[in-house]
Amino acid sequence: PEALEAAREIQDERYRSEALVALVPHLPETLLPETLEAVQEIQDERYRSEALVSLLHAFTQEFRVSHFKILRALSNCYRPSALKGISASMPLMFKLGKESALREVKNAITDVCRWWP
């Protein structure tokens, strides 16, 4: 908890993001929701999206609500960031919805690319 609090106090968003990304693999899952809050406070989209993608790898199925919150946050980012998040989420999507879920995601991405090339 002290390391997470120290990372949150870093003023430079780039370094705060890097610190949070480095902490994620070492944090107990009980601190991951608080880490998600800290990441969402980062204003710079590039640094925020990098940290969000790293969080996707840390959350297990028990934390799938937080997983979906991360994807929702990534949906407000530029397309490359959102696609990184979707890619990192594929194992959980497959676990929850099998091939049909992945097919739906593929169709949604195709539709978006057709609407906004």
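The values are calculated or read from the model by the stated rules, or taken from the named source; none is laboratory data. Just so it is clear, the structure is predicted and the values come from calculations on it, not from any experiment. All Cβ positions, even for glycine, are placed from backbone atoms using ideal geometry, and neighbour counts span all protein chains on display. Surface areas here come from the heavy atoms of the whole protein model, side chains and all, with no ligands, DNA or RNA. Shrake-Rupley method; radii C 1.70, N 1.55, O 1.52, S 1.80 Å.
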I'd like to verify a number: residues in the range 66-95 that are part of a helix (DSSP H, G or I) and open to solvent by 70 Å² or more (accessible area, probe 1.4 Å), how many? 11
(1) surrounded by 14 or more Cβ atoms within 10 Å (Cβ to Cβ); (2) not in a helix (DSSP H, G or I) all hold for Gln43 apart from (1)
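Go through the range 99-117 and give me each residue that's open to solvent by 80 Å² or more (accessible area, probe 1.4 Å) and modelled with pLDDT of 85 or more.
Glu99, Arg103, Glu104, Lys106, Arg114, Trp115, listed by residue number.
Criterion first (open to solvent by 50 Å² or more (accessible area, probe 1.4 Å), assigned to a loop (DSSP other than H, G, I, E, B) and over 16 Å from Ser81 (Cβ atoms)) does Gln11 satisfy it?
yes
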